[in-house]
Amino acid sequence: MIMFEGKNGKINEMIDEIGDNHISTSAQNPIRDDAFSLSDEEKIKSIQKDFTNILHTLGMDLNDDSLSGTPLRVAKMFVKEVFGGLHPDKKPKLSTFENNYKYGEMLVEKNITVYSTCEHHLLPIVGRAHVAYISDGKVIGLSKMNRIVDYYAKRPQVQERLTMQIVQALQEALGTEDVACIIDAKHLCVNSRGIKDIASSTVTAEYGGKFKDESVKRELLDYIKLETEFE
Ligand SMILES: [Zn+2]
């Protein structure tokens, strides 16, 4: 565990560096054991107070009609929406079916929209995920792949971890190692502050089982490159 307490300049430098380099310390989200001892309503109340304090400290007049509802609005949004994927109960049920038609090729669900939040700056990560698997007897509903991406995205995240979590969840549900995920995303903490590079995006990939094979990986990348028109 890294301690950030104290007024030491070195420590402040380290905080900036870990943030700007987006270094993650674990493949699991660092969630405490008592993370869900408070109800959602209790969390909203507490975060509302915290945001009132933040805006007040910044010098904002919370009696202004436009601002007065902001702390509650942000608190609800944090608990129910942007960080709504922290609670294990919210994990989508990944029910599978027998692969009766014996489709043995890879299935790719591409261009899945990703809205996540960088855990180092709490700014949005926006991009696309491409998820693929090769059935070993089980198949999964297509929308479940979108839902599992969204579930893990709705946490304070690091893109590498998000990519791995999606693969692991699908490997577990499908009972096969042959799952892959590629995410191409923009990090607003890079695009709008710090280095302010609006054009750059970050690509992360996790290849399980057969997807480690060069030709299988190539096939997946070719499918992702296909520009299908639907007009
Ligand atoms: Zn960041």
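Could you name every one of the helices (runs of 4 or more DSSP H) located completely within region 1-84 that has at least 3 residues being away from the ligand (no atom under 16 Å from the Cβ) and at pLDDT below 90? So that I can check it myself, show each step before the final result.
On the way: elements: 9-21, 40-57, 65-68, 70-76.
Those helices (runs of 4 or more DSSP H) span 9-21.
Asp136: out of contact with any Asp or Glu (no Cβ under 6 Å at 6 or more places or on another chain), farther than 19 Å from Ile182 by Cβ, in a loop (DSSP other than H, G, I, E, B) and acidic (Asp, Glu), yes or no?
In short, yes.
Which one of the conditions (1) surrounded by fewer than 12 Cβ atoms within 10 Å (Cβ to Cβ); (2) in contact with a Leu (Cβ under 9 Å, 6 or more places away or on another chain) does Ser39 fail to meet, given that it meets all the rest?
The single condition Ser39 does not satisfy is (2).
Confirm whether Arg147 is within 16 Å of the ligand (Cβ to nearest atom), of a type outside the set (A, V, I, L, M), assigned to a helix (DSSP H, G or I) and over 20 Å from Arg218 (Cβ atoms).
Details: within 16 Å of the ligand (Cβ to nearest atom): no; of a type outside the set (A, V, I, L, M): yes; assigned to a helix (DSSP H, G or I): yes; over 20 Å from Arg218 (Cβ atoms): yes.
It is false that Arg147 is within 16 Å of the ligand (Cβ to nearest atom), of a type outside the set (A, V, I, L, M), assigned to a helix (DSSP H, G or I) and over 20 Å from Arg218 (Cβ atoms).
Got a number for residues in region 112-143 being away from the ligand (no atom under 16 Å from the Cβ), buried (at least 16 other Cβ atoms within 10 Å of the Cβ) and at pLDDT 95 or above?
Looking only at that region, the number is 8.
Which condition number does Tyr115 fail, the rest of (1) touching a residue at least 40 places away in the same chain (Cβ under 8 Å); (2) part of a strand (DSSP E or B); (3) closer than 21 Å to Val82 by Cβ being met?
Single failed check for Tyr115: (1).
Quick one: how many residues across region 85-108 are modelled with pLDDT under 90, hydrophobic (A, V, I, L, M, F, W, C) and in a loop (DSSP other than H, G, I, E, B)?
1
Just to be sure, is Ala185 away from the ligand (no atom under 16 Å from the Cβ), surrounded by 12 or more Cβ atoms within 10 Å (Cβ to Cβ) and of a type in the set (Gly, Ala, Ser)?
no
The values are calculated or read from the model by the stated rules, or taken from the named source; none is laboratory data. Predicted model, so just to flag it, every value in this text is computed and none were measured. Don't worry about glycine lacking a Cβ; one is built from the backbone with ideal geometry, like all the others, and counts go over all protein chains shown.
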